[in-house]
Each structure stands twice: as C-alpha cells, then as structure tokens.
Amino acid sequence: MKLSTEKIGEVTVVTVLTEVLDASNAEEFKTATAPILKESNKVVFEISQIKFMDSSGCGTLLSFLRQLKSSNGNLKLCRVQEPVRILFELVRIDRIIEIFDTKEEAIKSFKMGI
Amino acid sequence: MTTVEKIKPLVLIVDDNSTNIDLLVNTLKKDYRLGVAKNGQKALDYTEKHLPDLILLDIMMPGMNGYEVCGRLKTATRTKDIPVIFITAMTETAHKTRAFEAGALDYITKPFHTAEVKARVKTHLSLKKAREHEIYIASKIQKTLLLGQPPRDINGIQIAQLTIPSQKVDGDFYDFFKINNQCFDLVVGDVMGKGIPAALLGAAIKSHFLRVLNELIRLTDKKEFPDPEKIISSVHSSMIDQLEDIETFVTLCYARFDMAKYLLSFVDCGHMRTIHFHADSNRCSLLRGVNMPLGFPEQEPFKQTLVSFQPGDLFVFYSDGLTEAKNQDGVLYGEKRLVDFVQKNAIMESKELINIIRKDVVAFSQSDIFDDDLTCVLVGIEKKSTSQALSDKAKLEIKNDLTELARVRDFVRNFCEGIPGFPLDNNRINLIELAVTEVTANIIKHAYGEHTGERIQINALLLDDKIVLQFYDWGKAFDPKSVPLPVFDGSQSGGFGLHIISHTVDEVVYSRDKKGRNCASLEIKL
C-alpha cells in the first residue's frame, strides 16, 4: 500500500493513498505503517483518498492509537470523507480519535498539547 | 419534385366557352399535359382528384364564378398552393384587385396573345418549382439537423417522438442531452417563420445549445451540470443580437428529467403548455413557465419550475402544429381535445400512444397534409411493475478470499442502483456496502477460517417493499449470541462487525439448514 509521509516539526503526516481500506488490505496497511510508528509518536493520518472503510480499517486505526498512546504520543485524523465519517460515528471512533477538517489544524492541535 | 422534372406539368383550363378552351389547348398542348373543366364545381372536383400544377381560371361562368372557385381552392390545405391565373375579358382594376384578393397569382385579359399565355404559365410554373425546391431543402434540413435522437439507456423511461413536416417547413426542433444514466435534458422549440430561414435558425439554435452546454460544463465542476435556467440564459444572451437582426423569435421548453429524484425542472419560454398526466389521480395538469420567448429584448432573468412525478406518469411536449391542425370547417384540433385524448389513452406504451395521437389528428383534419410542422415528444415514466421482472433477482458466487470484497460491493451497488424508481439514495447504498463487506469478511475469516478454495453464494432479491440479500456458506456454524458485545473505549480492535451490520440494515437473520449450509439474510426496507 502506498503511503506518503511528511515530517512537520515533531509531527509526522501520513497520507494514505488508497480508496479502500477493508479486511482485504488492513494487514498490508499495518505492515506499511509499522516503521513510521517506530520513528514518530505524533502522527496525523490524512485519509481524504479513502472512500470506503470497514471495521477492519477501524480496528487497525485503533491499534495504532493504542501503540502511540503507550509511547506518550497520539494519533489524529484529518480530511475524512462522508461515508467514512458515518462509519466512525457508528463505531464511536469519533469520540476516541480527534478528527480535523485540515492537515494544518491537526498539526496545530499537537502543538497545543498531546 | 422529381416527378415534376420527369413528366410534363399538368395545367387545368377552366372556362365555359369552347372557343376559348380550344385556343388555350392549342397554345399549351405541346409543352404541358392539360385538363379541362367547364364549370366551377367540375374544376374543384378535377383539382381534388388530380392536383394540377397550375390553373387557368375564367371569372365569368354560370353557377360558381371564378372568384369563388379560387377562394375554395385557397382554403384547402391540399390545393391552396396551386398557382391560379385568371383569364377574363374584364379589364377594370376593381376586378383585378378582387381576383388577387381571392388568391390569384396573376391575371391575363382577353383577347390574349398566345405568346403571353405561354410566357406567364412558364414563369409561374418555374416559380412554383423554386418554391417546392425550397420546401424540399428545408425539410431535408429539418430531418437531418433539427430533430435529435433520444438517449436509449436511461433507466425507467420511455421516449417516443412524432414529426409530420408540413409543405412549408417551419423550424420545429427538438433534441436530447444525456447527463448520466439517470438524468437527461430535452429541448423542444419552434422558430417563428417558415421555410429555409426558419429551418436554418432552428439548426443554429441547436448548435448554440451544444456550444453553451460545453462552455458551462468546462467552467463548472464536472459533477455539477448547469441548471436549465442557466443554460437558457446563456443561449439567449449569445443569440439575442442575431434574433433581433432577423426580427424573429423562438418559443421553447427546456426540460430536465432526473430519474434519481423523480423531478422535472423546466424552463418554458412561451411554448405550448406541456401536458403532465398523473397516474395516481388519472388526471392531466398543464405546465406553463413564466418566461418570454427567446428573441424578446428585455428579459427578466429566466426562471425554472420544479415538478415532481411518479411511476406511470406521462409528459407530452408538442408544437402548435398539433393543436392548431384544422378540420375542413376551419375548427382547430385544440389543447382540450389533446388533453382529453392523452388522459383517456395514457395507459398505453409511449410508442403506441404517439401512433394513435397521429391517427386521431389525421382523422380529425381528414388529411395527412398539414399547414404547419407537427411535432410531438412523449416522455413516459415506467411503472415499477413493468421493469421489475428484469432486475428483481441477481446472483453472485465468490471465492472465500478477502480480495473478493470489492466484487461483493460492486454487485450490491449495481443491484441497488438498478431498482426502478431509485428508492435507495447514495448514502443508504454506502451503508449497505458496509454491511455486506462485514458479512462477507466474517464468513471468510470465521466460518471458513484457514480453508481455501471454498465458495460463498450471494442472492439479491427485490420484493414489493424491501430488498433481501442472502449469503450462503458451507463453513462452521455461527451463533451471533456467542459473540461478545463491542467495546467502544478504544481498548479493542475487533468486535464491531455485527454491530455495524445490525445498524446499517433493517433486519438480519442467521440460520443453518440440515445440510450444513449457513445463511445470513439481510433485509433493507424501501
């Protein structure tokens, strides 16, 4: 899976370059992201490309969140498409992970504290 | 046209005096076929039967005189364009004036010179030929440039169209622009004026529409098709100078049919009122807009009107040639007769209905030749039941491999989008996609586990008020009660699947038959 990363200060922004994140590629997503999470504990996922996500995608994001929190960091999301947002509300991820409209807002939120 | 060129023109001589007849026959027999009538009634009978190319008509005859004969010929559509030349001894200006008023093209006084008769007959026949040639060209323009082809692949719609070109083509036009599989635009219009100028202007307007659509689409986001009122405004502002220069105007109706929303938005610019038949009440309403025809200099901004419709509804667009078709007493076919006829026969398929509209107008006017172009476009909204049989069942078989998930989603989306009347919007289809992904992933991961080479069968059924999606597998039995409730505090990565399924569809039933086949059945209410 293609990811593009960008380091802005302490924050790593990961742009996920796939339209679908479901059970068929959740493992692949996990493998591709693992090295990034070793390097940085403050990560923003820019997921505007993702049009479809399922519970496996959600589970993967939650496992990233737990991993980052255990190393005193955090995970934030930005630019979430409508169908994905509806899924997040259904499984209440929106109450656990902070979601921002823009990358800049997500980065700024890290500066104001984890 | 071609017959006129190949065989000699037919000239009818009408005179009660044998000497005059002989003289005219001798003058013309070398160059023309000739018919002779000795009184007014015989002249009318002969004309009706043989349609001569030109008539030489004596004024003073016993019984019906020449003025009356000419007047009668001019009122009938079939005979009114036949050139009439009066031949008479009466030389006073008042008589000549009256002859022209009766519809004569020319006048020859007795005693005449044979050379003059020959010359005038020849001149008027060549003028007639030129007029016929113009009509021929104009009708060619109409057939090839003015009348568009309806889109064939719009779901849930039947389009039928009718055109009867008149002897004087008058610039009726229509065209269709497909936006996507559920939406298309229809424009019907009528240029004031006749013949080649009207036909060319109609063709020019059609090309303006194409150009304007192109430009507007380029300017806006590709997903947003410009509104009808925006399209008409642009066409109007790009044509107003030309229309004013040639002192004419155009009535039209631009209508967009959105089959996803069951919504018609139209801009009517002084065109004939569109008939909307309502299947639920079995009544018709007439759609009229608020705009002036194109070509009127000071226009308020163009406004569109919204109308919703239902399965079984029908729309009838037409030109004034249809409602202004006359019978032999000069009575018009009329809007009311058309509305009543549509209401009575709306149950028919569009193609059948348009055929019987044609038959009714022809029977009413007792002629299949009309003064004006007659155009009519029917847009029928299909009843749900008629197309249900085509798409009420679908099947898919997949391997127990997670890479098949995308196929399952595509299959379900196609099925949902193909339901007549489009009861499921995109948001609901998104949720259904989510549900079927979870169901399929559960079967692959849990029912089949490590086994490869297994199959999953999926049936989609459309019933009256719901759709049912059934997933069959031959893996391990599944008891939903054995699955722990999901935890939403972020401490768990799994356990959301069943929660998602039960919150995205209306009902879920899991079962297992005696042969060891599991079935997960999802119901979605329409």
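The values are calculated or read from the model by the stated rules, or taken from the named source; none is laboratory data. All values derive from a computational prediction rather than experimental measurement. When we count neighbours, we look across all protein chains shown, and the Cβ atoms used for this are built from the backbone with ideal geometry, even at glycine. Only protein heavy atoms, including side chains, enter the accessible area calculation; ligands, DNA and RNA are left aside. Shrake-Rupley method; radii C 1.70, N 1.55, O 1.52, S 1.80 Å.
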Revision key, fill the gap. antiparallel share of DSSP beta bridges within the protein assembly as shown, to nearest 5, in %, is 70
Exercise for review: Obtain the nm distance between the two label points defined at residue B:515 and residue B:417 by a simple spin-label model: each point lies 7 Å from its Cα along the Cα-to-C-beta direction.
Suggested key: 3.4
**Study point:** Theoretical gain in end-to-end length, residue B:93 to residue B:395 [0.36 nm per residue, Cα-Cα removed]
**Key:** 99.9 nm
Exercise for review: Extending each Cα 7 Å along its Cβ direction at residue B:278 and residue A:1, get the distance between those two points in nm, one decimal.
Suggested key: 5.3
Check your understanding: What stretch of chain B, leaving out the sites themselves, is the longest with no GluC sites (Glu not before Pro) in a DSSP loop having at most 12 other Cβ atoms within 10 Å?
Key -> B:299-449
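Given contacts defined as C-alpha pairs under 8 Å and at least six residues apart, what's the relative contact order of chain B, whole-number percent?
Working: 963 pairs, mean separation 52.1, N = 526.
In percent, rounded to a whole number, it is 10.
As a quick test, which of the pairs A:2/A:111; A:7/B:445; A:51/B:476; B:29/B:143 have an alpha carbon distance above 29 angstrom in this structure?
Numbers: A:2/A:111 27 Å; A:7/B:445 37 Å; A:51/B:476 32 Å; B:29/B:143 39 Å.
From A:2/A:111; A:7/B:445; A:51/B:476; B:29/B:143, over 29 Å: A:7/B:445; A:51/B:476; B:29/B:143.
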Practice item. Give me the percent of DSSP beta bridges within chain A that run antiparallel, rounded to the nearest 5. Key: 30
**Study point:** Percent RCO, i.e. relative contact order, over region A:6-114, from Cα pairs under 8 Å lying at least 6 residues apart
**Key:** 28
Check your understanding: Roughly how many Å² is the accessible area per residue of the protein assembly as shown, as a whole number, for a 1.4 Å probe?
Key -> 49
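At a 1.4 Å probe radius, carbon and sulfur cover how many percent of the accessible area of the protein assembly as shown?
Its accessible area is 50 percent carbon and sulfur atoms.
Quote the total accessible area buried by chains A and B together, excluding ligands, DNA and RNA, probe 1.4 Å, nearest 100 Å².
On the way: alone 6230 and 26790 Å², together 31260 Å².
Interface area, both chains combined: 1800 Å², rounded to the nearest 100.
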Review point. In whole Å, what is the distance between the alpha-carbon centres of region B:139-198 and region B:35-84?
Key: 38
Study note, to complete from the structure: With a ≥ b ≥ c from the Cα gyration tensor eigenvalues, square-rooted, and the rule rounded for a/c under 1.5, otherwise prolate when a/b > b/c and oblate otherwise, region B:95-136 is oblate
Check your understanding: Looking at region A:69-95, which residues lose a minimum of 20 Å² of accessible area between their chain alone and all protein chains in place, measuring with a 1.4 Å probe and not counting ligands or nucleic acids?
Key -> A:83, A:86, A:87, A:90, A:91, A:92
Exercise for review: Can you list which of the trypsin sites (Lys or Arg not before Pro) found in region B:165-241 are DSSP loop residues with at most 14 other C-beta atoms within 10 Å?
Suggested key: B:222, B:223
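For Cα pairs less than 8 Å apart in space and 6+ apart in sequence, what is the mean separation divided by the residue count of region B:147-382, i.e. the relative contact order in percent?
Contact order relative to length: 26 percent.
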Practice item. Within a 10 angstrom radius of each residue's Cβ in B:394-403, how many Cβ atoms of other chains show up on average? Whole number is fine. Key: 1
Practice item. Report, in deg cm²/dmol and to the nearest 500, the calculated mean residue ellipticity at 222 nm for chain B, where each DSSP H run with n ≥ 4 adds -39500 (n - 2.57) and the sum is divided by the residue count. Key: -11500 deg cm²/dmol
